Amino acid sequence: MLADCQSFYASVEKADHPQYRNRPLIVAGDRERRSGIVLAACPLAKRYGVTTAETLGSALAKNPEMVVMRPRMERYIAVSMKITNILLRFTDLVEPYSIDEQHLDVTGSLSLFGEPLALAHRIQQEIKRETGIYSRFGISYNKAVSKMACDNFAKKNANGLYWLPREQTTQALWPLPIRQMYMVGSRMERHLKGMGIHTIGALANTPLVQLRQRWGINGEVLWRLAHGLDDSQVDPGSHAGEKSIGHEMTLPRDFYSLQEVAVPLLELTELVCRRCREKGYMGGVVMVSCRGIDLDHPSGFHRQMKLPDPTNATKQVYESVMALFGRHWDHQPIRKVGVTLSGFIQDDEYQLTLFDERPKYQALEKVTDEIKRRFGQTAILRAASLTTSGQAKQRAEMIGGHYR
């Protein structure tokens, strides 16, 4: 099964504020910090044409009486975890897919709880009763097909449930537009339509060798998904081991100089390195990303480099971050920046080098990490974060770029 919560952020706000039950409601970011976009819209708001990711101003123009709620990420995470615990009453095989979607394998639970649709309905009722959130369930024989069953059919059914047996997959999925297939985004849709592939069935009937010639192994993945083939299992521990740790930041204004952007890059590097230290990782590869201000004509870069030695010391990583940024920045105004570390090794056993400075930096940052853990993120700050370019104090009040 794929369990999906309808308009999750908006549903949480309506459950917590019943006075808005019959009013159109949207959850939107902070307009003053350039995050004023719609993150979620309740069904009543969608009837006015409001869509996710449109600007707050555009949404309010469609209905000035719309209720606008600021996102509360801590609350949404808490509700998501509560829903996970509800699902765990029915199976121990629950794999989070996103904050509002979860895969679950109930094969071994059917003898206890009955046939799939009845079980899905029971889970749906318990989620609604305990959280106030309406959920939809796509049911099938693997993760990919259950996801497509949910997105294309369960969300359109009055009861929010849809069971797609294996023998009906071709009949149900092949007539659908190619954009409605799992893992096909707008860019891939353009490529496929350029090849004359407009439906899932057309993709399924395209020679595999042709798709492999065009996209390599990814071409075979697309062909398999079109045939409803997915061998991946529901894995509760799928997110236990991280392959990379990164942070991005949308800047509150346009940054034009290297001196300005150096401060948020330092703050992002410190966040990334601190998370690595908490998890006992040292990274061997650093990536820097940058996006320009013109969204209609995107500019910027994503570049990475191998570090001389794996490290989680902010100063050492930051030197490479600035070297990458200075090498690839085109000196156009900047809207968004990001820093990521990958290529992890454990930090308790590593190859020493001559004149190795890592132990010195690690000892210093162990102290600053402990201060922040005990007294809060802003208990100790770098002086640069107190300049007009600094964002650390504002970000300390946020989770995932949104207010708590």
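The values are calculated or read from the model by the stated rules, or taken from the named source; none is laboratory data. From a predicted model like this one, the values you see are computed outputs, not experimental measurements. Glycine gets a Cβ as well: all are built from the backbone with ideal geometry, and neighbour counts include every protein chain shown.
Listed residues TRP215, TRP223; which is more than 30 Å from SER385 (Cα to Cα), without any contact (Cβ under 8 Å) to a residue 24 or more places away in the chain and crowded, with 18+ Cβ neighbours inside 10 Å?
TRP223
Can you tell me which condition MET181 does not meet? The list is (1) surrounded by 14 or more Cβ atoms within 10 Å (Cβ to Cβ); (2) closer than 30 Å to GLN332 by Cα, and all the others hold.
Condition (2) is where MET181 drops out.
Regarding LEU266, is this residue touching a Phe, Trp or Tyr at 6+ places or on another chain (Cβ under 8 Å), of a type in the set (A, V, I, L, M) and over 30 Å from ILE178 (Cβ atoms)?
Yes.
Does LYS315 satisfy the condition of being part of a helix (DSSP H, G or I), out of contact with any strand residue (DSSP E or B) (no Cβ under 9 Å at 6 or more places or on another chain), farther than 23 Å from LYS243 by Cα and in the same structural domain as GLU278 (by TED's automatic domain parsing)?
Criteria not met by LYS315.
Within region 79-88, is there a residue that is touching a Leu at 6+ places or on another chain (Cβ under 8 Å), closer than 21 Å to ALA15 by Cβ, hydrophobic (A, V, I, L, M, F, W, C) and not in a helix (DSSP H, G or I)?
no
Six or more apart or on different chains, Cβ under 6 Å: which pairs go from a residue in region 367-383 that's over 16 Å from ARG275 (Cα atoms) and of a type in the set (Val, Ile, Thr) to one that's modelled with pLDDT of 90 or more and loosely packed, with under 15 Cβ neighbours inside 10 Å? Could you list them?
Close Cβ pairs satisfying both conditions: ILE380/ILE371.
Go through (1) loosely packed, with under 15 Cβ neighbours inside 10 Å; (2) under 25 Å from MET1 (Cβ atoms); (3) in contact with a helix residue (DSSP H, G or I) (Cβ under 7 Å, 6 or more places away or on another chain) and name the single condition TRP174 misses.
Failing condition for TRP174: (1).
Suppose we keep only residues that are surrounded by 17 or more Cβ atoms within 10 Å (Cβ to Cβ) and farther than 23 Å from GLY284 by Cβ within region 228-249. Which one would you say is modelled with the lowest pLDDT?
MET249
If I ask for residues that are at pLDDT 90 or above and loosely packed, with under 14 Cβ neighbours inside 10 Å, which ones from region 250-269 would you list?
TYR256, SER257, GLN259, listed by residue number.
Any residue at all in region 112-125 that is buried (at least 19 other Cβ atoms within 10 Å of the Cβ) and farther than 14 Å from CYS5 by Cα?
Keep residues of region 112-125 that are buried (at least 19 other Cβ atoms within 10 Å of the Cβ), which gives 116, 119-120, 123-124.
Those left that are additionally farther than 14 Å from CYS5 by Cα: 116, 119.
Scanning region 112-125 turns up at least one residue that is buried (at least 19 other Cβ atoms within 10 Å of the Cβ) and farther than 14 Å from CYS5 by Cα.
Please go through region 343-355 and give me each residue that is touching a residue at least 12 places away in the same chain (Cβ under 8 Å) and under 15 Å from ASP309 (Cβ atoms), ordered by number.
GLY343, PHE344, ILE345, GLN346, ASP347, TYR350, GLN351, THR353
Given the criteria closer than 30 Å to GLN351 by Cβ, assigned to a helix (DSSP H, G or I) and assigned by TED's automatic domain parsing to the domain that holds ALA392, does GLU260 qualify?
no
I'd like to know if region 241-256 contains one or more residues that are outside any strand (DSSP E or B) and over 25 Å from the mean Cα position of the chain (by Cα).
Yes: one or more hits.
Of the residues ARG291, ARG335, ARG327, only one is more than 15 Å from VAL272 (Cα to Cα) and either touching a Phe, Trp or Tyr at 6+ places or on another chain (Cβ under 6 Å) or part of a helix (DSSP H, G or I) (or both); which?
Result: ARG327 is the single residue among ARG291, ARG335, ARG327 that is more than 15 Å from VAL272 (Cα to Cα) and either touching a Phe, Trp or Tyr at 6+ places or on another chain (Cβ under 6 Å) or part of a helix (DSSP H, G or I) (or both).
Just to confirm my filter: which helices (runs of 4 or more DSSP H) fall fully inside region 98-164 and include at least 3 residues that are at pLDDT 95 or above? Don't jump to the end; show me each part of the working.
On the way: elements: 110-113, 116-131, 143-152.
Those helices (runs of 4 or more DSSP H) span 116-131, 143-152.
Scan region 325-354 for residues that are over 19 Å from TYR256 (Cβ atoms) and aliphatic (A, V, I, L, M) and jot them down.
Listed by number, the residues that qualify are VAL339, LEU341, ILE345, LEU352, LEU354.
Does LYS156 fit the bill of being of a type in the set (Lys, Arg) and without any contact (Cβ under 8 Å) to a residue 12 or more places away in the chain?
yes
Would you check if ARG327 is surrounded by fewer than 21 Cβ atoms within 10 Å (Cβ to Cβ) and within 25 Å of ARG291 (Cα to Cα)?
Numbers: surrounded by fewer than 21 Cβ atoms within 10 Å (Cβ to Cβ): yes; within 25 Å of ARG291 (Cα to Cα): yes.
For ARG327, the condition - surrounded by fewer than 21 Cβ atoms within 10 Å (Cβ to Cβ) and within 25 Å of ARG291 (Cα to Cα) - is met.
Residues that are touching a Leu at 6+ places or on another chain (Cβ under 9 Å), part of a helix (DSSP H, G or I) and β-branched (Val, Ile, Thr): does region 165-183 have at least one?
There is at least one residue in region 165-183 that is touching a Leu at 6+ places or on another chain (Cβ under 9 Å), part of a helix (DSSP H, G or I) and β-branched (Val, Ile, Thr).
Can you tell me which residue among ALA3, ALA41, ALA45, ALA10 is small (Gly, Ala, Ser), under 30 Å from LEU110 (Cβ atoms), surrounded by 23 or more Cβ atoms within 10 Å (Cβ to Cβ) and in contact (Cβ under 8 Å) with a residue 24 or more places away in the chain?
On the way: ALA41 fails: under 30 Å from LEU110 (Cβ atoms); ALA45 fails: under 30 Å from LEU110 (Cβ atoms); ALA10 fails: under 30 Å from LEU110 (Cβ atoms).
Step by step, each of ALA3, ALA41, ALA45, ALA10 is checked, and only ALA3 is small (Gly, Ala, Ser), under 30 Å from LEU110 (Cβ atoms), surrounded by 23 or more Cβ atoms within 10 Å (Cβ to Cβ) and in contact (Cβ under 8 Å) with a residue 24 or more places away in the chain.
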